[in-house]
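Have a look at the structure below before the remarks.
Please treat every number below as a calculation from the coordinates, not as lab data. What you see is a predicted model; the values in this text were computed from it and never measured. Positions of Cβ are generated from backbone atoms using ideal geometry, with glycine treated the same way; all protein chains shown enter the neighbour counts.
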């Protein structure tokens, strides 16, 4: 019964071109359990398979976005269950995806919760919250990619201080350095994320998918490999219905109607 309740602590809804996955275990600071990780993975599967969904928003019921792994599991030696076979930590940190994933934070993130944020493509955060890799304070090392992803997204010394102290990085500082894309008023993170989805939805699904892949894979590639990735993305989009529709809509001065083909 407990596992069923924990799975129900992750909600899924669709509206206006996006899917919203909500962590809803606020009394436990939305700390993850194996059932919650499995539910997140299942909801991402659902969103990936649904052509109506242009982007996915991941949020958490305040006051905390996510506190990472439920420490009771660590104490019992059951924390490995928070990793899924395909998605990795939380069913999300190591997962291959094709659709943009946006973190909407109206509360602070800690430990594995921050690793989940770092696995997202875009971040909307409320002023006054923080993002912490707090594992060092518990004698642990972040295992879900947080250390190297933080170092890729922030100046080395900013990431180093966060890793060595476990102290949170203020959303304002994260925004200054580009980790947070949109800084908003408290309570407005979900609305800010929906606004980003609306912008994404004005573009071709094919172009968004291919552009996302080049940005991610090309960032760590040498010049030759980056050009190869870029050329492949161009080849996969240039002779498509969406490309023809985009050009036609431009000349006809109307909004394009995308088919995703």
Tell me, 82, 257 in order of fewest to most beta-carbon neighbours within 10 Å? 257, 82
Long-range share for the chain, i.e. C-alpha pairs more than 25 Å apart as a percent of all pairs, stands at 46 percent
When the Cα atoms of the stretch 205-251 are enclosed in a convex hull and the volume is divided per residue, what value in Å³ results? 67 Å³
Of the listed peptides 99-109, 231-241, what is their order by residue-averaged count of other C-beta atoms within 10 Å, with the highest listed first? 99-109, 231-241
Could you work out the relative contact order of the chain? I mean the mean sequence separation of Cα pairs under 8 Å and 6+ apart, divided by the number of residues, in percent. 15 percent
Roughly how many nanometres apart are two label points built 7 Å out from the Cα toward the Cβ at residue 245 and residue 259? 0.8 nm
Mean ellipticity per residue at 222 nm, deg cm²/dmol - from DSSP H runs of n ≥ 4 across the chain, formula -39500 (n - 2.57): -12500 deg cm²/dmol
Roughly speaking, what is the centre-to-centre gap between the stretch 32-48 and the stretch 108-178 when only Cα atoms are used, to the nearest Å? 22 Å
